[in-house]
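Worksheet: one structure, shown below.
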Amino acid sequence: MNDLNDFKRTEHTARIRETVRRIVTYTMLTVWGIMVLFPFYWMLLTSVKSYGAYNSEYIPKLFTLSPTLANYLEAFTAVPLARYLLNTLIFTVVTTALMLVVTVLAAFAFARLNFPGKEVAFTAFLSLMMIPSELVVITNFVTITDLNLRNTFTGLILPSVTSVFYIYLLRENFAQVPDELYYAAKVDGTSDLRYLRRVLLPICKPTLFTVTILKVIECWNSYVWPRLITDDASYFLVSNGIQAIRESGFGRENIPAMMAAVVAISIPLIVVFLLFRGKIMEGIARGGTKG
């Protein structure tokens, strides 16, 4: 009888501890979530406040009873925001497409082809990940300038068409496919490119999807390189365009319209991430799992 009572007390204590642990965990997650999401909420709230209402608030309000979309209209008419969005779309699509071609072929070569010094070359290639990207910017800037490619889409795109990390991720994913499939395809007379297109790419589609989405996000948020290589507003991307707007009188004076511009360029990435976050995590997990 005493053993039964002790067991019940132990079980009751365990339930209390588990309940307390869950309460603490969810409380911390809630606080963290509010801290992360509040800047986005404040940005969206400010973008729908009128210019007069915003300037009349001595103490900022956490809501508005008279939202307006006039700031979005002004953001697209007072500055060439649509041009910045178009430039970014062109840059993102072309860069991502070229990057996929380069990284897929490089990853396939390291994963399936046999050539002298392959492991040494791959090790040396991976060592490039240890070099800070800031060190390469100077070399790229001098090269692009010498080629007279400043203020061109070619100059914007060329330094971004490859990625050591994405090649490594795809190479590890390709290496998980059994060698027997490759040897069987070669016996049937299948070329390497046909095997890559018909076998590897369909099997590794989640990782390819992840690489594509991550590259799109990277291109859309690109700032340092476009800032260095372009001083012509006709080639500004959204990140540089927003910086130019902020530095101008328009961005400093009309904060609600400035926030409307920021919301306009943020929404595409937020939607893409929310729609495909599951596939992104699945692809990363597959790329980092052996066997």
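Pairing residues of the stretch 5-33 that are among the acidic types (Asp, Glu) and surrounded by 10 or more Cβ atoms within 10 Å (Cβ to Cβ) with residues that are modelled with pLDDT of 90 or more and part of a helix (DSSP H, G or I), at Cβ distances under 9 Å and at least 6 apart in sequence or on separate chains, gives no pairs at all. Consider the stretch 212-268 and keep the residues that are surrounded by fewer than 18 Cβ atoms within 10 Å (Cβ to Cβ) and among the hydrophobic types (A, V, I, L, M, F, W, C). The one that is nearest to the chain's Cα centre (by Cα) is Ile217.
Looking only at the stretch 113-127, residues that are in contact with a helix residue (DSSP H, G or I) (Cβ under 8 Å, 6 or more places away or on another chain) and farther than 21 Å from Asp179 by Cβ come to 2 in all.
For the stretch 94-146, the tally of residues that are of a type in the set (Phe, Trp, Tyr) and free of Cβ contacts under 8 Å to residues at least 40 places away in the same chain stands at 1.
Please determine whether any residue of the stretch 80-100 is in the same structural domain as Leu269 (by TED's automatic domain parsing), surrounded by fewer than 12 Cβ atoms within 10 Å (Cβ to Cβ) and not aromatic (Phe, Trp, Tyr).
No.
The residues on offer are Leu105, Leu126, and the sole one that is among the hydrophobic types (A, V, I, L, M, F, W, C), at pLDDT below 85 and assigned to a helix (DSSP H, G or I) is Leu126.
The values are calculated or read from the model by the stated rules, or taken from the named source; none is laboratory data. The shown structure was predicted, so the numbers you read here are calculated from the model rather than taken from an experiment. We place every Cβ from the backbone using ideal geometry, glycine too, and count neighbours over all the protein chains shown.
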